[in-house]
Amino acid sequence: MLACLFLLASCETTPDDYQTDPGYEYFPLEVGKYAVYEVDSTIFDPTGDTMVFSSKTQVKEEVVDTISDNNGETLYKIERYQRQADTLPWQVSKVFTASIQDNKAILTEDNLRFIKLVFPARKNAAWNGHVHFNPSLIVTVAGESLEMFKGWAYKIEDIIEQDSVGNLAFDDVLTVREANNENLIELRRSNVKYARGIGLIYRELWILDTQCIEACEGQSWEEKAEKGFILKQRIIDHN
């Protein structure tokens, strides 16, 4: 370094990984690629027979085709399948698209266009993942209305060399904090992990509301939540 300072005219800069690797492989898109997840969900329903309903399902997401949008951009068509147990057949539950455009990973689902990652993928990179829709839109969960995306702010919190989810180990894992917003009556928390060459390997969502304040002081959100849900999604297989 000192030699470069004193002999500037003869020094050359060699691009390093920071400059040359955008990190697209954290969001790989290729026809035939799939991942299988175990999903635990807890739904809070103040009007139901049971206040808290928990379920466990398996979800498979597979890139099945490519299509072009109105601007000629290539979109990857992804089918999502569900089943209650690994002895049951897969049932298609949803079709959505994903793409990389203008150094952004775009996922479009239920007519909502999300920016899931930005490139180059670097620690502390921050962006508005909901710039293409009104984050105050109302989402219905168990018949209850929620401002699910209120206060979200995306940020790459960490990139580590090794991590594991369940029994699976991964090299080069990126963690995105999508939301971490809490007050007396609302909790919006969303964290996801992407592994290089694989994509999404873990997601955890806490979308909860309550009107119980003084009487519930000191209680956890699992105890005082009146509506909303908790979701934990872990990868169990992939190609």
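Annotations for the structure displayed:
- Among the residues of segment 185-197, those identified as in contact with a Ser or Thr (Cβ under 8 Å, 6 or more places away or on another chain) and either among the basic types (Lys, Arg) or not in a strand (DSSP E or B) (or both) are ILE185, LYS193.
- Of all residues in segment 140-170, those that are of a type in the set (Val, Ile, Thr), within 17 Å of LYS227 (Cβ to Cβ) and in contact (Cβ under 8 Å) with a residue 24 or more places away in the chain total 1.
- Residue within segment 146-166 that is crowded, with 16+ Cβ neighbours inside 10 Å and under 19 Å from GLU38 (Cα atoms) present: yes
- Taken together, the residues in segment 108-140 that are among the basic types (Lys, Arg) and over 14 Å from the mean Cα position of the chain (by Cα) amount to 2.
- Residues of segment 73-123 that are hydroxyl-bearing (Ser, Thr, Tyr) and touching a helix residue (DSSP H, G or I) at 6+ places or on another chain (Cβ under 9 Å): none at all.
- Candidate set from segment 41-95 (those that are acidic (Asp, Glu) and over 22 Å from the mean Cα position of the chain (by Cα)); member that is surrounded by the most Cβ atoms within 10 Å (Cβ to Cβ): ASP45
So that you can scan it fast, the table gives a plain yes or no per residue for (1) surrounded by fewer than 16 Cβ atoms within 10 Å (Cβ to Cβ); (2) closer than 25 Å to SER136 by Cα:
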| site | (1), (2) |
| --- | --- |
| GLY199 | no, no |
| LEU208 | no, yes |
| LYS224 | no, yes |
| LEU231 | yes, yes |
| ASN239 | yes, no |
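- Strands (runs of 3 or more DSSP E) fully within segment 18-106 counting 2 or more residues that are touching a strand residue (DSSP E or B) at 6+ places or on another chain (Cβ under 8 Å) and charged (D, E, K, R): 34-44, 52-68, 74-83
- Any hit, segment 129-139, residues being without any contact (Cβ under 8 Å) to a residue 24 or more places away in the chain, in a loop (DSSP other than H, G, I, E, B), crowded, with 19+ Cβ neighbours inside 10 Å and on the phi < 0 side of the Ramachandran plot: yes
Each value in this text was obtained by applying a stated rule to the coordinates, not by laboratory testing. Quantities reported herein were computed from a predicted structural model and do not represent experimental measurements. Every residue, glycine among them, receives a Cβ derived from its backbone with ideal geometry; neighbour counts consider all protein chains shown.
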